[in-house]
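Participant: Please find one structure pasted underneath; my questions will follow.
Read-outs throughout are calculated quantities, based only on the coordinates presented, and are distinct from any laboratory measurement. The shown structure was predicted, so the numbers you read here are calculated from the model rather than taken from an experiment. Cβ placement follows ideal geometry from the backbone for every residue including glycine, while neighbour counts extend to all protein chains displayed.
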Amino acid sequence: TGIADPSGECVMDRGTSVGDVPEVIGRSFRGIDTDGSLCGELDAIISSLDLRYALNDDIGFASLTGYNKITYDWFSGLDQTTFSQLAQFEGQESREVSQEFRLTTDFDTPLNYLVGVYYQETKIDLHQDVKLNDRQYTAATGRFDAFETFATQEGSTMSAFAQVIWDITDQLELAGGARWTREEKDAKKHN
């Protein structure tokens with residue numbers, strides 16, 4: 001904006017400035033409740049369930065289930081000055097569910113096997129709200145935004161895999177495997 005930053009040092013180092021935005025501008029951002037103060041919040045659920053079962057002395061079964069949910073909201077000035085003319089809110093929520101099944105053998109022979117399948121579903125929701133300067137007021141909306149974006153990405157992954165393990169000697173083992181994977185993603189963005 002052509003106004004000297006009283007906290008800026010104009011030196012090439014790791015130091016930078018950042019400042020709050022006026023309360024009336026901060027309150028006009030959708031998706032976060034802020035008085036203009038810079039803020040962020042991260043909530044995470046990361047969980048897994050590992051079940052193993054011996055079908056008999058030679059064959060084992062494993063089930064691995066995963067569930068992750070991460071929500072991250074933040075609001076900050078981005079222009080590296082205490083004036084924070086360029087400011088942004090970003091909210092992101094991601095969810096992931098996965099399931100894997102495996103069969104493994106432990107025969108008293110030199111050859112043993114592992115076979116399995118894997119499935120995963122993911123979804124990411126993104127919301128961005130950006131202002132380029134404090135003069136970016138739109139009377140029709142009562143907001144100080146330059147643009148607002150919503151985006152969604154959904155995905156699914158399927159996989160099958162197998163491995164052969166050959167005990168050449170008591171100290172030497174050779175393993176070889178293959179995996180087939182199909183992954184699909186669908187992304188949508190709108191303002």
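Participant: To the nearest 0.05, how large is the calculated FRET efficiency for residue 65 and residue 172 if R₀ is 22 Å and r is the Cβ-Cβ distance?
Facilitator: It comes to 0.05.
Participant: Quick one: length gained pulling residue 93 to residue 186 fully straight, 0.36 nm per residue minus the C-alpha distance?
Facilitator: Separation in residues times 0.36 nm, less the Cα-Cα distance, equals 31.9 nm.
Participant: Moving to a separate point now. In nm, to one decimal, how far is the residue 153 label point from the residue 38 one, both placed 7 Å along Cα→Cβ?
Facilitator: The modelled label-to-label distance comes out at 2.6 nm.
Participant: For the chain, compute the number of Lys pairs whose alpha carbons are separated by less than 16 Å, excluding pairs fewer than 8 positions apart on the same chain.
Facilitator: 4
Participant: What residue among 61, 144, 29 has the largest mean-square fluctuation in a Gaussian network model of the chain, using Cα springs under 10 Å?
Facilitator: Of 61, 144, 29, the Gaussian network model singles out 61 as fluctuating most.
Participant: List the trypsin sites (Lys or Arg not before Pro) within the range 75-135 that DSSP assigns to loop and that have no more than 10 neighbouring Cβ atoms inside 10 Å.
Facilitator: 135
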